[in-house]
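Each remark here refers to the structure printed beneath this line.
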Amino acid sequence: MANPIQQQYLHAELLTQDPLKQVQILYRAAIDSVIAARRYVQEKNIGERSRSVMKAYSIVNELLYTLDHAVGGDLSRNLAALYTYMQTKLLEANSQQTEPPLAEVQRLLSTLLEGWSSAVLPDGHVQTAPDRGIAVGGVSTDEPSTDTQESVAVNYSY
């Protein structure tokens, strides 16, 4: 568990990143929490398992909350359904103290992170899908945009 100073640093680092990087950071943090929860299930450490599961749940909830369905359209709604499904699986794993739902959530988050990472170009712009104007991660544009901040289907208005 991170100490308070480390938590403040990580929080500040997250808030200073562009929204595309923030989503990648959140996916990684959720994956790390699920990995920890799986380890705690095996160790039968109920308290730490529960903390790790609820941390992953909270991160997925933040990802769900930041979706902008007006911009992201069907992709945003599909992500919302997937996030809700993952939250259900996390609660199932926590209440039943079993690892398979955690493994499933870990696979889903890893797939999303991989897709998101492949859609973000090194310069921070989003690579859109040909002929559709859609990119992984909730981005929806009619034409490729040079300003990714406007085309991202997440709302980071804290």
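The values are calculated or read from the model by the stated rules, or taken from the named source; none is laboratory data. In this text the structure is predicted, and so the values were computed from the model without any measurement. Don't worry about glycine lacking a Cβ; one is built from the backbone with ideal geometry, like all the others, and counts go over all protein chains shown.
Can you report the number of residues in the range 59-94 which are of a type outside the set (D, E, K, R) and over 21 Å from Leu20 (Cβ atoms)?
Total satisfying the criteria: 9.
Can Thr98 be described as assigned to a loop (DSSP other than H, G, I, E, B) and modelled with pLDDT of 95 or more?
yes
Could you give every pair whose Cβ atoms fall below 6 Å, whose first residue belongs to the range 94-113 and is more than 17 Å from Glu43 (Cβ to Cβ) and in contact (Cβ under 8 Å) with a residue 24 or more places away in the chain, and whose second residue is among the small types (Gly, Ala, Ser) and buried (at least 17 other Cβ atoms within 10 Å of the Cβ), counting only separations of at least 6 or pairs across chains?
Leu109/Ala30
For the range 24-64, name all the residues that are surrounded by fewer than 19 Cβ atoms within 10 Å (Cβ to Cβ) and either touching a Cys at 6+ places or on another chain (Cβ under 8 Å) or in contact (Cβ under 8 Å) with a residue 60 or more places away in the chain (or both).
Gln24, Arg28, Ile35
Within the range 66-78, can you find the residues that are closer than 16 Å to Ala56 by Cα and part of a helix (DSSP H, G or I)? Before you say what the answer is, go through the steps one by one.
Within the range 66-78, the subset closer than 16 Å to Ala56 by Cα is 66.
Passing the criteria: none in range.
When residues of the range 65-79 are filtered for being closer than 17 Å to Leu113 by Cβ and surrounded by 16 or more Cβ atoms within 10 Å (Cβ to Cβ), how many remain?
Looking only at that region, the number is 4.
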